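The values are calculated or read from the model by the stated rules, or taken from the named source; none is laboratory data. Predicted, not measured: the structure shown is a model, and the values here were computed from it. Counting neighbours? That spans all protein chains shown, and the Cβs are built from the backbone with ideal geometry, glycine included.
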Amino acid sequence: MRDQVTDHQKVNILLVDDQPAKLLAYEVILKQLNENLVVATSGREALEYLLRNEVAVILVDVCMPELDGFELAAMIRDHPRFQKTAMIFISAIQVSDIDRLRGYEMGAVDYVPVPVIPEVLRAKIKVFTELYRKTRQLERFNAELEDRVRARTAELEESHARLLESEQRRSLAIAAGRMGSWDWDWANGDWMWDEGQYRIFGVDPKSFAVSPASVQARLHPDDIEELRKAMAQFAKGVTSYEAEFRIIRPDGEIRWCVGTAAATVDKGGRVVRVSGVTIDITERKHAEERQNLLAREVDHRAKNALALAQSIVRLTRGENVKAYVQSVEGRINALARVHTILSLSSWQGAKIGKLVDEELAPYATGGQITLSGPEVQLQPATAQTLALALHELVTNSAKYGALSALSGRLALKWAVDDDLLTLAWQEAGGPLVQEPISKGFGTRSVIASIESQLGGQAEFNWRPEGLICRLSVPLSRHLSEPEHDPHPSAAHG
């Protein structure tokens, strides 16, 4: 039987890598989470640990001798106990597109690019450990609820003396406002509700007259027929039933309930009384919905991040391998930085000031950069696209523009006018600027991402004294996060 996990109990995080130095680095990064970190230097050692222990998250290196990360993931997923265990691959940026897809097919829920960013890795691991902890708690709550329902049903099938005893036990749940009981005289049609039953239905005992018609009026229309059929079964010899149903309170609120009922029969086998228990399970239903939503959200974010990373790798150009690697790493790091900002807000959006600071911070040490503008909350898709655009601009400036010389200056200003965000990028004091004969990849990617992804506009003015770039982005346009190439026209330039 699985061990129950409480709010404060540590969970196991399994770190799998054949290089001790990397394992030590992961332990240092994840130490702040205050969880139980377990290391394994091979896939076989990891499997041996898994067979003896419960694990919340597995962090595994893709490339390992003897048994690589893909093979390990497949073996783990084949075991019934670990079909839902979260697995995160390290070094995903070093493998091919086919291998990435293979990894997701093997059961990976996320990739962490190299070099590892501590804040990003901690944030990802924290999401899955909390999901594991909440899932275990929900399992415990469900088991406890099912035990209570079974116990109540058994009591209702016993004699009238046992029914009186069960009333005392139900009083504890009634006090919490989550359980109620009722009694129906099958012969004369009289109903009896206790205080908990009235509370669940949200009605006043002084004004609400209990009758088949008044009760049906409070039931959800989609559930009435099933409950009517269940009650009709009592006349055919059925002595108990259990069902989930919804009620609509007078204020319009919908509550989920589970109801159990048992019939009392006379010596001739005829039903004389039906008694039942109603339990409000709305919170449990909401918890299940949140868990499913989080699982879908994690899957959605992972696929989007992979799509962006794939397009960056595919479209980046370089004069040589070193230049190519540097360009890819720079763009991936820009994407990782905005991912961290969005994660901290639960992907509700990102403030532009924080976004600009993150992208320009490595170049802002000498007082060459000035920033000004109001605080604006950006949608996730807008934040991702602007982060990559700012990365291209500042990287180009550091190589060839104002930020390549100590005398150079950069001013970045932004403003909002009638839901239109305008960013003005102005360089001065650097090397003499000549308008390029053809647009480079960085320029083309900025134009493509701003115009194609956000429906905005990107203008470049190559003045001799310094570049001026003006980006205009609509804020009121409802955009979904890109699940396709973020630079659709760049590949053809």
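Assigned to a strand (DSSP E or B) and at pLDDT 85 or above: is that true of Arg284 in this structure?
Values: assigned to a strand (DSSP E or B): no; at pLDDT 85 or above: yes.
No; evaluated as a whole, the condition is false for this residue.
Can you find, within the range 416-430, the residue that is nearest to Tyr400 (Cα to Cα) among those that are assigned to a strand (DSSP E or B) and without any contact (Cβ under 8 Å) to a residue 40 or more places away in the chain?
Checking each candidate, the answer is Ala428.
Output the qualifying pairs, or none if there are none: Cβ atoms under 6 angstrom, residues six or more apart or on different chains, first residue in the range 244-269 and within 24 Å of Gln233 (Cβ to Cβ) and surrounded by 16 or more Cβ atoms within 10 Å (Cβ to Cβ), second residue modelled with pLDDT of 90 or more and among the basic types (Lys, Arg).
Within 6 Å, the pairs are Ile247/Arg218; Ile247/Arg255; Trp256/Arg246.
Which residue pairs have Cβ atoms closer than 7 Å, lie 6 or more positions apart in sequence or on different chains, and pair a first residue in the range 393-404 that is in the same structural domain as Gly429 (by TED's automatic domain parsing) and under 10 Å from Ala428 (Cα atoms) with a second residue that is among the acidic types (Asp, Glu) and buried (at least 19 other Cβ atoms within 10 Å of the Cβ)?
Gly401/Glu427; Ala402/Glu427
Evaluate the range 105-123: report whether one residue or more is at pLDDT below 75 and in a helix (DSSP H, G or I).
yes
Just name the residue that is farthest from Ala398 (Cα to Cα) out of those in the range 332-386 that are in a loop (DSSP other than H, G, I, E, B) and at pLDDT 80 or above.
Gln379
What number of residues within the range 457-493 are in contact with a Lys or Arg (Cβ under 9 Å, 6 or more places away or on another chain) and at pLDDT 75 or above?
Going through the range 457-493 one residue at a time, the tally reaches 6.
Go through (1) modelled with pLDDT of 85 or more; (2) under 21 Å from Ala187 (Cβ atoms); (3) out of contact with any Asp or Glu (no Cβ under 8 Å at 6 or more places or on another chain) and name the single condition Arg270 misses.
Status for Arg270: all satisfied but (1).
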